[in-house]
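Before any comments, here is the structure.
Just so you know, all these numbers are worked out from the coordinates, no wet-lab data involved. This one's a predicted model, so the numbers in the text were calculated from it and none came from an experiment. Every residue, glycine among them, receives a Cβ derived from its backbone with ideal geometry; neighbour counts consider all protein chains shown.
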Amino acid sequence: MGTHTINSELITEDEKREFVDCGYLVRKNLVARDEIDEMLADTIAIARGAYPCEGIKPAGVDKSDRDILQEILCIHQPHYISPVMLKYIQHVGICRVLSGIVAAHLPYWDGSVKCMQSMLFVKPPNFQGQAWHQDEIYIPTRDRSLTGAWIALDDATVENGCLWVLPGSHKYGYLYPQRSHNNQDEFDFAQESYGFDDSTAIPVEVPAGSVVFFNGYLLHRSLKNRSSIFRRVLVNHYCNSYSLLPWSVEPGQSPASADSRCVVAVAGTDPYAWKGYVNPPNNVWLRTCKASNEIAAVGESS
């Protein structure tokens with residue numbers, strides 16, 4: 001697998017320090033308009049079955065593109081099947097920023113980065129957001145280097161459900177407990193992290209083409225889309241290539257040796273390349289929009 005040469009031209013020392021201290025960094029205009037259009041077109045292509053897989057039932061030919069989008073919450077791991085989405089987890093500008101920040105808290109890190117996950121969110125109007133959480137709960141890394149790259153494919157605003165962050169909440173590497181939020185109108189996912197003061201939370205409103213980078217321990221959320229437009233985002237997750245990735249532990253295996261090899265090296269070197277790579281499992285799948293499902297259910301019962 002090819003990687004980008006590490007290049008510090010796209011990231012300053014002040015930005016590295018901002019990321020280490022605050023847990024997130026915004027870079028506007030990192031993705032060009034034609035690149036956004038390519039990803040938006042590929043979203044429709046995936047939903048229409050351009051890349052056959054068991055987890056996605058192709059949308060009907062009688063449906064318009066907008067009708068298709070109205071039903072989609074998220075497509076999980078699209079880079080497993082789509083060469084377009086694979087290209088954008090390897091986007092040169094994004095990866096050069098990543099090679100400066102992912103493990104900037106480690107004194108001897110050489111800038112090497114690998115990717116393990118992609119999620120393509122559509123978030124139609126009236127669809128719920130995601131409650132407070134930390135991505136490290138779901139993707140454990142060895143060295144607190146998990147980093148999301150949140151690519152805005154539409155302008156992200158408070159009205160359409162932009163990202164909210166709690167600056168500095170990543171600093172101590174503490175994973176907050178979770179509980180049921182009991183607020184199904186606002187949030188889609190059942191769990192929320194709790195046990196902290198969120199009074200200093202801020203919305204991260206960004207124009208399309210921006211990328212929001214955030215640490216895996218950073219508390220973040222999004223609220224319901226209360227606008228009439230979509231809030232489409234491709235969010236990819238990365239970590240230090242020197243960090244083992246214990247995403248799953250085989251029976252009888254020590255957690256200390258667990259290391260998922262279904263990864264893509266994107267910057268620098270992969271020191272574990274000698275282990276080889278695992279072909280993507282057949283777990284690409286499409287989550288439908290809960291809000292649309294509820295509307296349909298009301299219609300059927302009326």
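What to note about this one:
- Qualifying chymotrypsin sites (Phe, Trp or Tyr not before Pro) in segment 1-96, where qualification requires a DSSP coil assignment and no more than 10 other C-beta atoms within 10 Å, are lacking entirely.
- Across all Cα pairs in segment 148-257, the calculated P(r) in 5 Å bins from zero up to the longest distance comes to 2, 10, 16, 19, 20, 15, 10, 5, 3, 1, 0 percent per bin.
- In this rough spin-label picture, where each label sits 7 Å from Cα along the Cβ direction, the Y172-L106 distance is 2.4 nm.
- Cut-off 15 Å (backbone N to label point 7 Å along Cα→Cβ of L86), residues of segment 112-133: 115-118
- Listed peptides 255-265, 277-287 appear in the order 255-265, 277-287 once ranked by packing, highest mean of other Cβ atoms within 10 Å at the front.
- Set of segment 143-166 residues, backbone N closer than 17 Å to the point 7 Å along the Cα-Cβ line of I44: 153-154
- Cross-linked pairs K16/K171; K57/K114; K114/K224: Cα-Cα separations exceed 23 Å for K57/K114; K114/K224.
- With a simple spin-label model that places each label point 7 Å from the Cα along the Cα-to-Cβ direction, the separation between R226 and D198 comes to 1.5 nm.
- GNM flexibility winner over the chain from V249, V235, V102 (Cα, springs under 10 Å): V249
- When all alpha carbon pairs of segment 1-117 are counted in 5 Å bins from zero, the resulting P(r) reads 2, 10, 17, 17, 16, 12, 10, 8, 5, 2, 0, 0 %.
- Computed label-point distance, nm, for sites S254 and A273 using a 7 Å Cα→Cβ extension: 2.7 nm
- Per-q log10 I(q)/I(0), the chain, q = 0.07, 0.11, 0.13 Å⁻¹ (Debye; single scatterer per alpha-carbon; no solvent): -0.26, -0.66, -0.94
- For the chain, built as a Gaussian network whose Cα springs stay under 10 Å, the top-fluctuating residue of S64, S243, S145: S64
- Under 5 Å, built H, 5+ apart or other chain: amide partners of W132: S193
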